[in-house]
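Down below is the structure, laid out as structure tokens.
The values are calculated or read from the model by the stated rules, or taken from the named source; none is laboratory data. Keep in mind that what you see is a predicted model, and the values were worked out from it rather than measured. Every residue, glycine as well, gets a Cβ built from its backbone with ideal geometry; the counts of neighbours run over all protein chains shown.
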Amino acid sequence: MDLLFIADPLESFKIKKDSTLAMMRVAQEAGHHLWFCQSRNVLWKDDLVVADCQILAIKPSSSSWFELGGLELRSLKSFSAILMRTDPPFDIEYLNTTWLLSAAVKQGAKVLNDPAAVRDHSEKLSITEFPELIPPTLVTRELSAVESFHQIHRDIVIKPLDGMGGMGVFRVGADGLNLASIVETLGENGARTLMVQRFLPEITQGDKRVLLIGGEVVPFALARIPQGNEIRGNLAAGGKGVAMPLTDAENKIARLFAPILYQRGLFLVGLDLIGGHLTEINVTSPTCFVEITDQSGFDVPQFWLKALEKALS
């Protein structure tokens, strides 16, 4: 198979734990051909969606781990699959890329995750489809609404809808210290919508990342555990990642979501669970492949590849 990875610059990869690199490596080992481009290299030309892309070889050296061929202009429908692995934020340029990829799908390209499904599933707002599984939640631009929510729940978390890696997440306790200032700053004085949730003390046991691949559930989660006085478990915010088997409750939630989201065109999904509550549905570039594999012995990249080959057969 010819696999095109649309991703961030290869030089930016954290090679010891990058999930996209793990996908590339296992696909190459299986004999598939790798291609690479950035989202800026995808364009509409001569009535086709095409990409200025390069053939990619993964090398064993850690200091110089990849080799790229010369630029080639290829239609996206000529690839066996296109893997969209560009990291958020989901800004206007990310959105533009999904529209181009949707045009490519209409021309016969196979894009994973399906770009229309990615657009339809805001990683934070999509949880509102399942209110019985989420903590008490408010989505608003209004400071007064946040203040009323705080009066009810006393201990809350405020975050922007377009953040990633724990960026811009604030906790406000019962004293309400700096509540107005935080809302005004994060919300840019009412210009940006915020999500507010009741604080979940179970975060001390970890923010669990559960992977769904090809409609199936990876049986281990990565618990991202906050360190010190930090409330954020995100690895990018200094959290400690600990792989552990899914609990019965987590497995039940994951098995509920796996077929539903797969039927919608979401091949790879990362559910975030805190104390059995659903907090995010990650569909852009879910990670944690390497950490789960290294700690549990369950080969997530191989699981991903087998699911990919099955989906494309």
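Only residues that are touching a helix residue (DSSP H, G or I) at 6+ places or on another chain (Cβ under 8 Å), farther than 22 Å from Tyr94 by Cβ and surrounded by fewer than 18 Cβ atoms within 10 Å (Cβ to Cβ) were counted in region 26-57, giving 2.
Taking region 254-311 as the range and being part of a loop (DSSP other than H, G, I, E, B), hydrophobic (A, V, I, L, M, F, W, C) and under 16 Å from the mean Cα position of the chain (by Cα) as the test, the residues that pass are Leu266, Phe267, Val283, Cys288.
Look at Ile152 and say whether it is at pLDDT 95 or above and under 19 Å from Leu273 (Cα atoms). Reasoning before the result, please.
Details: at pLDDT 95 or above: yes; under 19 Å from Leu273 (Cα atoms): no.
Answer is no for this residue.
Of all the criteria given as (1) touching a Lys or Arg at 6+ places or on another chain (Cβ under 8 Å); (2) more than 25 Å from Arg192 (Cα to Cα), the one not satisfied by Leu95 is (2).
Among the residues of region 62-85, those that are at pLDDT 95 or above and either within 29 Å of Leu161 (Cα to Cα) or part of a loop (DSSP other than H, G, I, E, B) (or both) comprise Phe79, Ser80, Ile82, Leu83, Met84, Arg85. In this structure, Gly163 does not qualify as of a type outside the set (A, V, I, L, M) and assigned by TED's automatic domain parsing to the domain that holds Trp304. Please verify whether region 73-93 includes one or more residues that are among the aromatic types (Phe, Trp, Tyr) and within 24 Å of Leu268 (Cα to Cα). Looking for residues that are among the aromatic types (Phe, Trp, Tyr) and within 24 Å of Leu268 (Cα to Cα), one finds at least one in region 73-93, hence yes.
Counting only residues that are surrounded by 15 or more Cβ atoms within 10 Å (Cβ to Cβ) and either among the small types (Gly, Ala, Ser) or within 17 Å of the chain's Cα centre (by Cα) (or both), region 1-23 holds 12 of them.
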